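One structure below.
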Amino acid sequence: MSWGLYVHVPWCRFRCPYCAFVLQTSAPQVDTFLEQIRLRLAASDLVGSPETLYIGGGTPSRLGPDGLGRLLDVLPRATDETTVELNPEDVDDVLLDTLLDHGVDRVSLGVQSFDPATARRLGRARSATTAPAAIERISRRFRSWSLDLIFGVDGQTPDALKRDLERASLAPHVSAYGLTIETETRFGRARRNPAVDPDAWRVAYDTVVSTLEAAGLARYEVSNFARHGHESRHNRRYWHPRGVWVGWGPGAHGRRADGTLVIESDDVEAWLNGAPPTLEAPTPEHLATDWLHAGLRTREGIDLSAMRRALGWTPTLPSALADHFVYADGRLSVRPESLALVDGLAARLVLSYNSRS
Ligand SMILES: C[S@@+](CC[C@H](N)C(=O)[O-])C[C@H]1O[C@@H](n2cnc3c(N)ncnc32)[C@H](O)[C@@H]1O
Ligand code: SF4
């Protein structure tokens, strides 16, 4: 069976004003973290090696070369792809060489914006100033790497966004996320919303797509763009309705072959003290929701006969929405021009599941 392994490192130097991920800003408790990972490994019935390994966060590079090297020593080696997320300010030759020595073949760099004003707004001024040197070091060593950007920030000019995209398009892979406002964050509590309105968001998203595609990075998922062969094999599991992966670390979750979700505690201290994961068997409605929301985000869309076999159901398109979709070779996908609307479109099809006779 093909499976992946995700490990969530729950520490950052500080919390960015938009970020609601599970993390602490205290010093990493590396020994305790590794002990919990070892316990999971010993208790697991995993067979063979994962095809993909993804160490994300939080900020994995906050562990430094020594901590990351020790974590990679504990984890099983992946056969196909091993990715580690890095913040630019942590990148130096020792860190990157340690990763290479431990079988890492892909890194993902969280830049967010090269533009000083936008980066400052996002609380990431230091990432912006350290990113160019980090990119230079990374591109000398790694064939495959990715860069994260955020767009749709109030005050981010069209020119600044375009320049961000042009600089980012030197990477073989780019993830570009529209700023979302999460309630339990500094931005969520701010009196003035730092995200742009939906019309401006759409203009910015269209700029993201046209600029990256013109530079040779094809959109293979709503927020993800890659040169041929550089798509993230690990992340593809999340969008595949029957993707299987194991998730370890606070707030991580995994999915078993029978669809059961394995959900780790999102309380960092409780996780470090051995809190066990909870299991959640998905209801048929959950499966249908997941299948639509995840599958429709991708260029390939949904395999309808596989969906019928698994759920005994396929969506009937309301005629008013038909223009947003393409049926081809037994697959249903969202037209490229409508991908910006995918969440609303998927939600409408979920309604048709709920009202099926
Ligand atoms: C959780 S972070 C981990 C990577 C790394 N710590 C960093 O900050 O670059 C993964 C990515 O999620 C994105 N992200 C997190 N919160 C977001 C939000 N509220 N809106 C848009 N993008 C967000 C950022 O682009 C970030 O690079
Ligand atoms: S965006 Fe990255 S660095 Fe900032 S708080 Fe979230 S995980 Fe940490």
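Working only within the range 63-80, note down all residues that are more than 16 Å from ligand 1 (Cβ to nearest atom) and either at positive phi or in a helix (DSSP H, G or I) (or both).
Hits for the range 63-80 are Pro65, Asp66, Gly69, Arg70, Leu72, Asp73, Val74.
Yes/no per residue for (1) away from ligand 1 (no atom under 11 Å from the Cβ); (2) within 19 Å of the chain's Cα centre (by Cα); (3) outside any strand (DSSP E or B):
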| position | (1), (2), (3) |
| --- | --- |
| Cys19 | no, yes, yes |
| Ala27 | yes, no, yes |
| Asp31 | yes, no, yes |
| Ile37 | yes, no, yes |
| Gly48 | yes, no, yes |
| Ser61 | no, yes, yes |
| Thr82 | yes, yes, no |
| Gly103 | yes, no, yes |
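Arg106 is checked against (1) away from ligand 2 (no atom under 16 Å from the Cβ); (2) more than 30 Å from Arg163 (Cα to Cα); (3) touching a Lys or Arg at 6+ places or on another chain (Cβ under 9 Å) and fails just one. What number does that condition carry?
(2) is the only condition that Arg106 fails.
Can you confirm whether Thr98 is in contact (Cβ under 8 Å) with a residue 40 or more places away in the chain, among the hydroxyl-bearing types (Ser, Thr, Tyr), more than 10 Å from ligand 2 (Cβ to nearest atom) and part of a helix (DSSP H, G or I)?
No: the conditions fail for Thr98.
I'm trying to understand the selection: among the residues of the range 73-102, which are under 23 Å from Val268 (Cβ atoms), crowded, with 23+ Cβ neighbours inside 10 Å and of a type outside the set (S, T, N, Q)?
Val84, Leu86
Every residue in the range 65-84 that is more than 12 Å from Val7 (Cβ to Cβ) and in contact with a Gly (Cβ under 8 Å, 6 or more places away or on another chain), please.
Within the range 65-84, Arg77 is the sole residue that qualifies.
Run down Asp290, Asp206 and say which single residue is at negative phi, at pLDDT below 95 and not small (Gly, Ala, Ser).
Asp290
Residue check, Leu339 against (1) surrounded by 13 or more Cβ atoms within 10 Å (Cβ to Cβ); (2) at pLDDT below 95, all met but one. Which one?
If we test Leu339 against (1) surrounded by 13 or more Cβ atoms within 10 Å (Cβ to Cβ); (2) at pLDDT below 95, just (2) comes out false.
The values are calculated or read from the model by the stated rules, or taken from the named source; none is laboratory data. Just so it is clear, the structure is predicted and the values come from calculations on it, not from any experiment. With ideal geometry, Cβ positions are generated from the backbone for all residues, glycine too; neighbour counts draw on all protein chains shown.
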